Amino acid sequence: YRRLVTSGSPVHIRCRDGYEIPAAVVREYGTYSLLVEVDGVEELVFKHGIIAIRPHGPLPYEPLTPPS
């Protein structure tokens with residue numbers, strides 16, 4: 001989720017109950033939920049209800065940093 005937040009790339013979210021968010025930007029994430037922005041409005045989506053999150057395109061490369 002960190003890469004989605006830092007890149008600001010739009011994603012398609014599909015939920016278990018059939019609800020779909022075709023173009024959302026992940027703003028924050030926590031243990032149980034995602035805060036996404038859709039058309040300027042923020043929505044809270046619980047992770048247990050998500051089936052798939054698919055970026056609209058490739059995410060920018062982010063090199064791995066070794067633990068210090």
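The values are calculated or read from the model by the stated rules, or taken from the named source; none is laboratory data. Only a predicted model underlies this, so the values are computations on that prediction, with no experimental measurement involved. Please note: Cβ atoms are built from the backbone with ideal geometry, for glycine as well, and neighbour counts cover all protein chains shown. Areas reflect the complete protein model, heavy atoms only, side chains present, ligands, DNA and RNA absent. Shrake-Rupley method; radii C 1.70, N 1.55, O 1.52, S 1.80 Å.
Descriptive notes on the structure:
- From helices alone, the chain scores -2000 deg cm²/dmol at 222 nm; the rule is -39500 (n - 2.57) for each run of n ≥ 4 DSSP H residues, then divide by the residue total.
- Share of carbon and sulfur in the accessible area of region 1-57 stands at 51%, probe radius 1.4 Å.
- Computed on the Cα trace of the chain, the radius of gyration divided by the Kirkwood hydrodynamic radius gives Rg/Rh = 1.00.
- Sparsely packed trypsin sites (Lys or Arg not before Pro) within the chain, loop by DSSP, other Cβ within 10 Å at most 15: ARG16
- Across the chain, the mean sequence separation of Cα contacts (distance under 8 Å, 6 or more residues apart), normalised by length, yields a relative contact order of 33 percent.
- Among HIS12, HIS56, HIS48, the largest mean-square fluctuation in a Gaussian network model of the chain (Cα springs under 10 Å) belongs to HIS48.
- Summed over the residues of the chain and divided among them, the accessible surface reaches 74 Å² per residue at a probe radius of 1.4 Å.
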